[in-house]
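Notes for the one structure printed next.
The values are calculated or read from the model by the stated rules, or taken from the named source; none is laboratory data. Because the structure is predicted, anything quoted here is derived from the model rather than measured. Ideal geometry is used to build each Cβ from the backbone, glycine not excepted, and the neighbour counts take in all protein chains shown. Please note that ligands, DNA and RNA were not included when accessible areas were found on the heavy atoms of the full protein model with its side chains. Shrake-Rupley method; radii C 1.70, N 1.55, O 1.52, S 1.80 Å.
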Amino acid sequence: MSLVDAPAFTASSTPIKSAILPAGAYVLSIASTPSYYAASASSPSNAIHVFDKARLQNVQTFPGHDSSITALRSVPNVANAVAHALLSSGKDGAVKVWDERSGSVALRMTASTAGKASGLLSCDVSADGLTIAAGTELQEDDASILYWDPRNPAAPLRVHSSTHSEDITALHFLRSAASPVPNTGNLLLSASSDGLVCTSNADEADEDEAGLHVGNWGCSIAQAGWLHDRSGRPAAWASSDMETFSVWTTELDRVQDADIRQPSVHRQDLTWVTDYLVGCHNASSPIGDADNDLCLFAGSNEGDVALITKQTYSDPNVPWILQRTWTTGHMGIVRAAMWDESNNILLTGGEDAKLNAWVAQQPGVISSPGKPKRGSEIDSMDVDEDVDVSARKRRRA
């Protein structure tokens, strides 16, 4: 298993803009709406900070959750009433849809068992905006996927408690890729620390009938999501707590299993060693000759970030490709990365409380000297001076 640098490999060491979260809170996750960027903060703040896209200034702060925020994402539609909404979940047992204009909660759904809040670890909204799903942490003997109709949010439509037996760490509805995928319905991908990756029909009330496919990885899964081939056909990826990485077919047959830390570059002119996976991104179109849209953002204990792709996952011998690195912007672990392709911006956030904005064109796009590579949006932020990175921290458990 090898890692090679792309022919158009580039490296950046200076963010074009930076912001600091109050009270030294970790940046846990980042989301983008058409109007702003949002970042969730760690405890004890548990707030959601809203940033102006042009200047990366904190223009608003949402109160967030009563305990740790576990997911924050931008969704295109909720109940055909809220467009481009922010959705969050927390260990306080709440799923919240936020009103951008007022900074208040437009919708709130609560998970509870026998009157006691069930901590939530993951959430998502279906493509049609009419189903919200959330996954709980293990409480006594149960970990459940709860489904709500956001038009009637007072109580869940149904609760599925046998899909997983431990913390449900990831939930993702399938959305259309470059080409529509027919006859998928509300297909939900779920992953858990029980080692299972599952797909379910979220429209099916009977849990025995809702389950479609199950893949058993045999290790605790921390993250998971979809990828697509050039025709839009879906597959799944997952990463474990031990920094291993896997790719699965639509039917959840495993086709790739690798230690994400093994592929590395060691040359006199270039060194990259991955310590952990920050997260993954579905590119608007596959990069270069790749047959898939999956982009991995890998991190180092020193606070650097790399974009890594693979031409195909069907052949384990095909090398990983180091497309780009962003270095010296953080001190310590990077918790979140969000690629705003429409504006050629990568946002990164870490345990140093810093939110950085970087230039991030899709690799391989060439432009004339002194001109933006993909539109003029990258000029919308002024360039800061180099960030002092004299102090470095090791990754925290």
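Of the residues Ala117, Ala127, Ala143, only one is within 21 Å of the chain's Cα centre (by Cα) and of a type in the set (A, V, I, L, M); which?
Unique residue meeting the criteria: Ala127.
Take residues that are free of Cβ contacts under 8 Å to residues at least 60 places away in the same chain and touching a Gly at 6+ places or on another chain (Cβ under 6 Å) and tell me which of the strands (runs of 3 or more DSSP E) falling wholly in segment 181-237 contain 3 or more.
Where strands (runs of 3 or more DSSP E) fall fully within segment 181-237 and carry at least 3 residues being free of Cβ contacts under 8 Å to residues at least 60 places away in the same chain and touching a Gly at 6+ places or on another chain (Cβ under 6 Å), they are 196-201.
With the condition kept exactly as written, say whether any residue in segment 32-41 is open to solvent by 10 Å² or more (accessible area, probe 1.4 Å), more than 20 Å from His330 (Cβ to Cβ) and in contact with a helix residue (DSSP H, G or I) (Cβ under 7 Å, 6 or more places away or on another chain).
Within segment 32-41 (the criterion being open to solvent by 10 Å² or more (accessible area, probe 1.4 Å), more than 20 Å from His330 (Cβ to Cβ) and in contact with a helix residue (DSSP H, G or I) (Cβ under 7 Å, 6 or more places away or on another chain)), the answer is no, since none of the residues qualifies.
Name the residues in segment 103-117 that are closer than 20 Å to His160 by Cβ and either open to solvent by less than 10 Å² (accessible area, probe 1.4 Å) or touching a Phe, Trp or Tyr at 6+ places or on another chain (Cβ under 9 Å) (or both), would you?
If the condition is that a residue be closer than 20 Å to His160 by Cβ and either open to solvent by less than 10 Å² (accessible area, probe 1.4 Å) or touching a Phe, Trp or Tyr at 6+ places or on another chain (Cβ under 9 Å) (or both), then Met109, Ala111 are the ones that fit.
All but one of (1) within 16 Å of Asn292 (Cβ to Cβ); (2) open to solvent by less than 20 Å² (accessible area, probe 1.4 Å) hold for Ala210; state the number of the condition that does not hold.
(1)
Report, by residue number, each residue of segment 25-42 that is at pLDDT below 95 and out of contact with any strand residue (DSSP E or B) (no Cβ under 6 Å at 6 or more places or on another chain).
Answer for segment 25-42, where residues must be at pLDDT below 95 and out of contact with any strand residue (DSSP E or B) (no Cβ under 6 Å at 6 or more places or on another chain): just Ser35.
Which residues, taken from segment 82-102, are closer than 18 Å to Ser35 by Cα, part of a loop (DSSP other than H, G, I, E, B) and either open to solvent by less than 10 Å² (accessible area, probe 1.4 Å) or charged (D, E, K, R) (or both)? I'd like the intermediate steps shown before the answer.
Step one: of segment 82-102, the residues closer than 18 Å to Ser35 by Cα are 82-88, 97-102.
Subset that is part of a loop (DSSP other than H, G, I, E, B): 99-102.
The answer is Asp99, Glu100, Arg101.
This table checks each residue for (1) among the aliphatic types (A, V, I, L, M); (2) at pLDDT below 95; (3) closer than 19 Å to His65 by Cα; (4) out of contact with any Pro (no Cβ under 9 Å at 6 or more places or on another chain).
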| site | (1), (2), (3), (4) |
| --- | --- |
| Gly115 | no, yes, yes, yes |
| Ser118 | no, yes, yes, yes |
| Asp124 | no, no, yes, yes |
| Ala133 | yes, no, yes, yes |
| Gln139 | no, yes, no, yes |
| Tyr147 | no, no, no, no |
| Ser165 | no, no, no, yes |
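State which residue pairs qualify: first residue closer than 20 Å to Trp148 by Cα and inside segment 61-84, second residue surrounded by fewer than 16 Cβ atoms within 10 Å (Cβ to Cβ) and of a type in the set (Ser, Thr, Tyr) in any location, beta carbons under 9 Å apart, and separation of 6 or more residues or different chains.
Ile69/Ser43; His84/Ser35
Please note which strands (runs of 3 or more DSSP E) are completely contained in segment 285-372 and include at least 2 residues that are of a type in the set (Phe, Trp, Tyr) and either at pLDDT 95 or above or over 18 Å from the mean Cα position of the chain (by Cα) (or both).
Correct list: 320-326.
Within segment 329-338, does at least one residue satisfy the condition of being closer than 30 Å to Gly24 by Cβ and open to solvent by 40 Å² or more (accessible area, probe 1.4 Å)?
yes
Among the candidates Ala111, Ala8, which residue alone is over 25 Å from Ala143 (Cα atoms), among the hydrophobic types (A, V, I, L, M, F, W, C) and more than 18 Å from the chain's Cα centre (by Cα)?
Ala8
Could you check how many residues of segment 238-256 are within 13 Å of Ser314 (Cα to Cα), in a strand (DSSP E or B) and either among the polar types (S, T, N, Q) or open to solvent by less than 20 Å² (accessible area, probe 1.4 Å) (or both)?
4
Can you tell me which residue among Ser200, Ser220, Ser192 is open to solvent by 30 Å² or more (accessible area, probe 1.4 Å) and out of contact with any Lys or Arg (no Cβ under 6 Å at 6 or more places or on another chain)?
Every option except Ser220 fails the conditions.
Of everything in segment 45-95, what is of a type in the set (Val, Ile, Thr) and within 25 Å of Asn356 (Cβ to Cβ)? Give them in sequence order.
Listed by number, the residues that qualify are Ile48, Val50, Val59, Thr61, Ile69, Thr70, Val75.
Could you list all residues from segment 2-31 that are surrounded by 14 or more Cβ atoms within 10 Å (Cβ to Cβ) and outside any strand (DSSP E or B)?
Ser13, Thr14, Pro15, Ile16, Leu21, Ala25, Tyr26
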